[in-house]
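**Q** A single structure is presented below for examination.
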Amino acid sequence: MQPSEMVMNPKQVFLSLLIFGVAGLLLFMYLQVWIEEQHTGRVDKKREQKATSVTREKIQEHSTDQNPKYHMPEDLKKKKENLPLYSERSTRGLTEISHSREEGHALGKTTELPTTKLTEKHQGTKTLSKKFREMNWPLDIHPLNKSLVKDNRWRITDTTQEKRRSFLQEFCKKYGGTSHPQSHLFHMVSRIYVEDKHKILYCEVPKAGCSNWKRILMVLNGLAPSAYNISHDAVHYGKHLKKLDSFDLKGIYTRLNTYTKAVFVRDPMERLVSAFRDKFEHPNSYYHPVFGKAIIKKYRPNACEEALNNGSGVKFKEFIHYLLDSHRPVGMDIHWEKVGKLCYPCLINYDFVGKFETLEEDANYFLQLIGAPKELKFPNFKDRHSSDERTNAQVVKQYLKDLTRTERQLIYDFYYLDYLMFNYTTPFL
């Protein structure tokens, strides 16, 4: 090759410089977005730690409060300073909730190249977050509209309901800890189902009657004539119901402030044991390979090859070791996540607080309140494993007896705020 042939012509030089220039610009834009996100993450973490500290100080400050509404056991007051209310274990769940396949939420990673669209999306998110921070939190609580309730038989249920709402509101005033949410709005409302016809928002708490509540919402939406002929798969895989995070910011905020918001909860220990029995004591194509294998590998010494390969046969004690581990081998799951991290009851003021312990009565009263068809009643059947005994206090006691006193105490500590804000009795440990 002659030397003259190796010389690049001006067009080639220009194109080479242009390509390198564009590549450099894209790299610069990507690095700028990445640095901003890292900075925002650190700021949010500091805010969360500050809010956590404030909440803990408030609880300690009021620990000697003799207000009779709180029914605070004396032994709880004595132990309060030593309870790890907001340890790393209890705050890390926000970023590591693993939505199960049953709920149709698969975790994914962004693989897009850094482009102008990425920058525009980032700027849009910043604008959205700014508007969100300017909202008034917690949202106002409204008196229940009881004009549609004609039957006097609901008088006791109504009195109980008003006490629950009042109790939760007072708890949040005392111990709320922050005037602004520390989590992204769309994450906060991701568990809330929407029924526009009757203007209902229902926050899903798994293992607290949520499957039958979804059946009710499907009937109210006109998607089925009866709650009794909707299968488990149709409820959980059907994608028939809308969630609040599918709306834009205005749609979310309007519904939060005008719709009737309901949450149904359950005794934390019962809910935990119920989740374990459902996911680990029966064949499950998701929880055994995803959670079971990781739990057995980390918490079972000398595990056999079969258990390591299929993840079946997780023991309750191993499951508890996973739950309490600040370095879990696999993330949290909505079926045993705290209600406070699922429904944010101190930021979203719920108009109706139902309990699994009085599920049928509470649910049917709520249906009266929202003007549901008279023939629509809350179903009382067990969604799955119908031959199994329902998880109750006696069943829970059988599972807890295999744990040490320290382990039982740590479970209580983990769900401490759920116990407190929904006024559940301290379990015998």
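The values are calculated or read from the model by the stated rules, or taken from the named source; none is laboratory data. Source: prediction; values computed, not measured. All Cβ positions, even for glycine, are placed from backbone atoms using ideal geometry, and neighbour counts span all protein chains on display. These area figures cover heavy atoms from the full protein model, side chains too; ligands, DNA and RNA do not enter into them. Shrake-Rupley method; radii C 1.70, N 1.55, O 1.52, S 1.80 Å.
**Q** Test each condition in (1) assigned to a loop (DSSP other than H, G, I, E, B); (2) farther than 23 Å from Gln169 by Cβ for Thr425 and report the one that comes out false.
**A** Condition (2) is where Thr425 drops out.
**Q** Go through the stretch 362-393 and give me each residue that's within 19 Å of Lys199 (Cα to Cα) and of a type in the set (Ser, Thr, Tyr).
**A** The answer is Tyr365, and nothing else.
**Q** In the stretch 291-347, what residues are in contact with a helix residue (DSSP H, G or I) (Cβ under 7 Å, 6 or more places away or on another chain), part of a helix (DSSP H, G or I), open to solvent by less than 10 Å² (accessible area, probe 1.4 Å) and not aliphatic (A, V, I, L, M)?
**A** Gly292, Phe319, Tyr322
**Q** Additional query: Select from the stretch 172-196 the residues that are more than 13 Å from Leu347 (Cα to Cα) and either among the small types (Gly, Ala, Ser) or modelled with pLDDT of 95 or more (or both) and write down the one among them that is farthest from the chain's Cα centre (by Cα).
**A** Asp196
**Q** Check the stretch 267-286 and report whether any residue there is aromatic (Phe, Trp, Tyr), surrounded by 19 or more Cβ atoms within 10 Å (Cβ to Cβ) and not in a strand (DSSP E or B).
**A** Checking the stretch 267-286: at least one residue is aromatic (Phe, Trp, Tyr), surrounded by 19 or more Cβ atoms within 10 Å (Cβ to Cβ) and not in a strand (DSSP E or B).
**Q** Let me confirm something: among Ala393, Ala372, which residue is over 30 Å from Pro225 (Cβ atoms) and hydrophobic (A, V, I, L, M, F, W, C)?
**A** Ala393
**Q** Give the residues of the stretch 348-366 that are open to solvent by less than 20 Å² (accessible area, probe 1.4 Å) and over 24 Å from the mean Cα position of the chain (by Cα), sorted by residue number.
**A** Within the stretch 348-366, Tyr365 is the sole residue that qualifies.
**Q** What pairs come out if I take residues in the stretch 393-405 that are on the phi < 0 side of the Ramachandran plot and charged (D, E, K, R) and pair them with residues that are in a helix (DSSP H, G or I) and buried (at least 17 other Cβ atoms within 10 Å of the Cβ) whose C-beta lies under 7 Å away, six or more apart or interchain?
**A** Filtered contacts from the stretch 393-405: Asp402/Phe316.
**Q** Okay, moving on. Across the stretch 204-254, what is the number of residues that are in contact (Cβ under 8 Å) with a residue 40 or more places away in the chain and in a loop (DSSP other than H, G, I, E, B)?
**A** Of the residues in the stretch 204-254, 9 are in contact (Cβ under 8 Å) with a residue 40 or more places away in the chain and in a loop (DSSP other than H, G, I, E, B).
**Q** Take Ser226 and tell me if it is over 24 Å from the mean Cα position of the chain (by Cα) and open to solvent by 20 Å² or more (accessible area, probe 1.4 Å).
**A** Yes: the conditions hold for Ser226.
**Q** Determine whether the stretch 400-407 contains at least one residue that is part of a helix (DSSP H, G or I), open to solvent by less than 40 Å² (accessible area, probe 1.4 Å) and closer than 24 Å to Glu318 by Cα.
**A** Yes: one or more hits.
**Q** Please specify each residue of the stretch 346-376 satisfying the condition of being of a type in the set (Lys, Arg) and in contact (Cβ under 8 Å) with a residue 60 or more places away in the chain.
**A** Lys355 - this is the single residue of the stretch 346-376 that is of a type in the set (Lys, Arg) and in contact (Cβ under 8 Å) with a residue 60 or more places away in the chain.
**Q** Given the conditions (1) touching a residue at least 60 places away in the same chain (Cβ under 8 Å); (2) of a type outside the set (D, E, K, R); (3) touching a Leu at 6+ places or on another chain (Cβ under 9 Å); (4) in a helix (DSSP H, G or I), which single one is not true for Leu201?
**A** (4)
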